[in-house]
Amino acid sequence: MLDECAPGHSFEEKKHRIWITWQGRTFLGLPIGERGKDDPEIQVGKVRKMIRFLGIEMDCAKRHLPILDK
């Protein structure tokens, strides 16, 4: 989703969170989840918050993540 909807983004994996930077803003609140990096459990609410914070077009995000429609 980020590749198409936030071209030029970067991310950095920390111990418990993923930091996503795009257009000069960094979202620090995307948790990796209990299962770790191989099978992350990311809550939809956190993804919505990231989309709003970074200014990503919601229509683009929904094309890749249909769960956002719920």
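Any read-out appearing in this document is the output of simple, stated calculations on the displayed coordinates, not a laboratory observation. Everything quoted here is computed from the prediction, not taken from an experiment. Methodologically, a virtual Cβ is constructed for each residue, glycine included, from the backbone with ideal geometry; neighbour enumeration extends over all protein chains shown.
Charging the Cβ of each Asp and Glu at -1 and of each Lys and Arg at +1, and nothing else, the dipole of the range 2-69 about its Cα centre rounds to 320 debye. Number of Lys-Lys pairs in the range 2-69 with C-alpha atoms under 17 Å apart and a separation of 8 or more places or on different chains: 6. Ordering 60, 5 from the fewest to the most neighbouring beta carbons within 10 Å gives 60, 5. Residue exposure proxy: 21, 26, ordered by other Cβ atoms within 10 angstrom of their Cβ from fewest to most, comes out as 26, 21.
In terms of overall dimensions, the C-alpha atoms belonging to the chain reach 29, 29, 17 Å along their principal axes, ordered largest to smallest.
Neighbour counting of Cβ atoms within 10 Å sorts the residues 9, 64, fewest neighbours leading, into 64, 9.
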